[in-house]
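**Q** The following block contains the structure, expressed as structure tokens.
The values are calculated or read from the model by the stated rules, or taken from the named source; none is laboratory data. Remember, it's a predicted structure, so these values are computed and weren't measured experimentally. So basically every Cβ, Gly included, is an ideal-geometry build from the backbone, and we count neighbours across all protein chains shown. Note: areas computed on protein heavy atoms with side chains; ligands, DNA, RNA excluded. Shrake-Rupley method; radii C 1.70, N 1.55, O 1.52, S 1.80 Å.
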Amino acid sequence: MTPRLILRTAALAATCGCIMAANAASLDDLPNRKPGLWEIKMVSADARMPQQTIQQCTDASTDADMRTTFSPMAKEMCSQQDMQKTATGYSIDATCNFHGIASTSHTEISGDFNSAYTVKVSTSRSDGPPGVAQAGDMTMNATWAGPCKDGQKAGDIIMPGGIKMNVNDMKALRAMIPQRAPLPHPH
């Protein structure tokens, strides 16, 4: 994978991460976002990961579609997920395995899902490729930007650089994700 593709995949995964992690715990507890255009800024504590901003056009059924798309993946990858309602939102503790890399994460979700919400994720990995941090924190700050723009349809995700995907494209992307990370190339 090229660095650009890795960043795009990371941005997409981060956008869907809270939905995917929460889904297996309890679909009914996590509210849908207000229909319209959401701007999501993702900031990693790792200085090597630049801030990413994406936009997503949503309607009443889009969040449910995303949960349906990523629920099987979450159940396949995560052996343990515990979602709790808190005074300010939700907390999720998960143990997962993605591409052969085991990780544990703690997620805090807060906000009203009508004007803004925040997702804070702390992750630690027991192994992984050389040069990849074994622990990390990411914060996603989402704000409602208004109605979707002309030419956008519900499910559209506008990535950095103007690349547009739709939730239906993610279903096809899911089928392309390998079950294990490739082994390092011998020198």
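**Q** Any residue in segment 143-170 that is of a type in the set (Asp, Glu) sitting within a Cβ distance under 8 Å of a residue that is part of a loop (DSSP other than H, G, I, E, B)? List the pairs, counting only those 6 or more apart or interchain.
**A** Asp156/Cys148
**Q** Please indicate, with yes or no, whether at least one residue in segment 32-39 is at pLDDT 80 or above, open to solvent by 60 Å² or more (accessible area, probe 1.4 Å) and under 29 Å from Gln134 (Cβ atoms). Give the derivation first.
**A** First pass over segment 32-39, keeping only residues at pLDDT 80 or above: 32-39.
From what's left, open to solvent by 60 Å² or more (accessible area, probe 1.4 Å): 32, 34-35.
Now drop any that are not under 29 Å from Gln134 (Cβ atoms), which leaves none.
No, that holds for no residue.
**Q** Does segment 7-27 contain any residue that is modelled with pLDDT of 75 or more, out of contact with any helix residue (DSSP H, G or I) (no Cβ under 7 Å at 6 or more places or on another chain) and under 29 Å from Gly161 (Cβ atoms)? Give the steps one after another, and end with the answer.
**A** Keep residues of segment 7-27 that are modelled with pLDDT of 75 or more, which gives none.
No, segment 7-27 contains no residue that is modelled with pLDDT of 75 or more, out of contact with any helix residue (DSSP H, G or I) (no Cβ under 7 Å at 6 or more places or on another chain) and under 29 Å from Gly161 (Cβ atoms).
**Q** Related question: Could you list all residues from segment 130-152 that are surrounded by 11 or more Cβ atoms within 10 Å (Cβ to Cβ), part of a strand (DSSP E or B) and either charged (D, E, K, R) or modelled with pLDDT of 90 or more (or both)? Lay out the reasoning, then the answer.
**A** Restricting attention to segment 130-152, the residues satisfying the condition of being surrounded by 11 or more Cβ atoms within 10 Å (Cβ to Cβ) are 132-145, 147-149, 152.
From what's left, part of a strand (DSSP E or B): 135-145.
Result: Asp137, Met138, Thr139, Met140, Asn141, Ala142, Thr143, Trp144, Ala145.
**Q** When the residues of segment 91-115 are filtered to those that are open to solvent by less than 40 Å² (accessible area, probe 1.4 Å) and on the phi > 0 side of the Ramachandran plot, which remaining residue is modelled with the highest pLDDT?
**A** Applying the filter and picking the extreme gives Phe113.
**Q** Of the numbered conditions (1) in contact (Cβ under 8 Å) with a residue 24 or more places away in the chain; (2) touching a strand residue (DSSP E or B) at 6+ places or on another chain (Cβ under 7 Å), Thr104 satisfies every one except a single condition; which is it?
**A** Unmet for Thr104, out of (1) in contact (Cβ under 8 Å) with a residue 24 or more places away in the chain; (2) touching a strand residue (DSSP E or B) at 6+ places or on another chain (Cβ under 7 Å): (1).
**Q** Please go through segment 112-126 and pick out each residue that is in contact (Cβ under 8 Å) with a residue 24 or more places away in the chain and closer than 17 Å to Ala87 by Cβ.
**A** Our first condition is that a residue be in contact (Cβ under 8 Å) with a residue 24 or more places away in the chain; within segment 112-126, this holds for 113-119, 121, 125-126.
Those that are in contact (Cβ under 8 Å) with a residue 24 or more places away in the chain and closer than 17 Å to Ala87 by Cβ: Phe113, Tyr117, Thr118, Val119.
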